[in-house]
Amino acid sequence: MNPDFPFTRFAPSPTGYLHRGHVLSALYVYAAAEKFGYRVRLRIEDHDQSRARKAYIDAIREDLEWLGFTWEAESIQSSHTERYERFLEVLQKKDLIYACNCSRKFTFETNPTNADGEIIYQGHCQNLGLSYGKDHAVRFKTPNVSVTWEDLRLGTFTENPKEFCGDFALKDRIGQWTYQFAVVADDFEEGVGLVVRGEDLKHSTSRQIVLAEALGRKEPPLFLHHPLIADPFGKKLSKREHAASIRGERELGISPEALLGEVCAKAGFIPKAEPLSVNDSIQLVKNRLF
Ligand code: GLU
Ligand code: ZN
């Protein structure tokens, strides 16, 4: 482990209450932290200011504490503006970004989409010399390289980020930092050497590796992508859907141990739900990691 990057992190977005999918994710974060010798940081990912709510931020901390999780460091993306501006300048000096004024409609009409339904931005605005500012997104000149990384759970992945997503946005047209940019800047600056997150984000990894390198990071973090638990309708749990929240379950009187036991059963770590402490739950997940 590189001593400059001693952290892993749990990084929920405060756009809704935490649900059971987040609990499984937190268990993987803590299990991997123990297994591989990392410290845990909580990062509130409120880069999308149009959807983040103060009540959800407070609830994230309260619900995690109620479940019995503790963390050694904490940060919140809305206080990182200076950091993101500074990193953007690094990229600008290297001539690795450009302004883009494509409308949402035009972007969808003129670019292909990938397997995740995202735009593969082909670089329409790259040579237009547009100035940065209002109503302009900032895009990264994604290098056309094949990136290989070793997922600690899924094995070897190879992907060319230019082919997969093209020149992705670092800032959107209304001036908000994107998930991709904020997360890479934060993981670098906050000493994150191990990223543990859901499998739904595995196609973000190759672009995050090339972006981290462009920001000056010498070695990318390690990655571990965990399986997601499905809701009763077979879809992955999402805050935006109908999944019951931890907040809601608490109000109905469930204990943290009962909830943890149900999450561990649902994820297949135990055959049948039984009450489990947070520590016992973490050990169960840890025994599943190689
Ligand atoms: N904030 C993201 C989410 O809630 C997680 C980002 C990450 O772990 O890279 O899904
Ligand atoms: Zn454009």
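The values are calculated or read from the model by the stated rules, or taken from the named source; none is laboratory data. Predicted, not measured: the structure shown is a model, and the values here were computed from it. Here the Cβ is made from the backbone with ideal geometry for all residues, glycine too, and neighbour counts use every protein chain on show.
A compact table of results
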| read-out | value |
| --- | --- |
| Any strands (runs of 3 or more DSSP E) falling wholly within region 135-211 and containing at least 2 residues that are away from ligand 1 (no atom under 15 Å from the Cβ) | 137-140, 147-151, 155-159, 169-171 |
| Count of region 163-187 residues which are more than 16 Å from ligand 2 (Cβ to nearest atom) and buried (at least 21 other Cβ atoms within 10 Å of the Cβ) | 8 |
| Selected residue (only one of LYS141, LYS93, LYS134 is of a type in the set (Lys, Arg), in contact (Cβ under 8 Å) with a residue 24 or more places away in the chain and loosely packed, with under 11 Cβ neighbours inside 10 Å) | LYS134 |
| Contacts under 8 angstrom Cβ, first residue in region 169-193 being polar (S, T, N, Q), partner within 16 Å of ligand 2 (Cβ to nearest atom), 6 or more apart | THR178/PHE168; THR178/ALA169; THR178/LEU170; THR178/LYS171; THR178/ASP172; GLN180/PHE168; GLN180/ALA169; GLN180/LEU170 |
| Qualifying residue in region 28-37 (condition: more than 17 Å from GLN283 (Cα to Cα) and either within 16 Å of ligand 1 (Cβ to nearest atom) or not aromatic (Phe, Trp, Tyr) (or both)) | no |
| Tally of residues being farther than 30 Å from PHE290 by Cβ and more than 16 Å from ligand 2 (Cβ to nearest atom) across region 139-161 | 2 |
| Some residue of region 119-128 being under 25 Å from PRO227 (Cα atoms) and away from ligand 1 (no atom under 16 Å from the Cβ) | yes |
| Matching entry among GLU159, GLU150 (being among the acidic types (Asp, Glu), crowded, with 16+ Cβ neighbours inside 10 Å and over 28 Å from GLN49 (Cβ atoms)) | GLU159 |
| Within region 104-127, tally of residues that are without any contact (Cβ under 8 Å) to a residue 24 or more places away in the chain and either touching a His at 6+ places or on another chain (Cβ under 7 Å) or within 8 Å of ligand 2 (Cβ to nearest atom) (or both) | 3 |
| Residue match in region 101-117 (condition: closer than 30 Å to LYS266 by Cβ, surrounded by fewer than 12 Cβ atoms within 10 Å (Cβ to Cβ) and not aliphatic (A, V, I, L, M)) | yes |
| Flag if ARG41 is modelled with pLDDT under 95, within 13 Å of ligand 1 (Cβ to nearest atom) and within 18 Å of the chain's Cα centre (by Cα) | no |
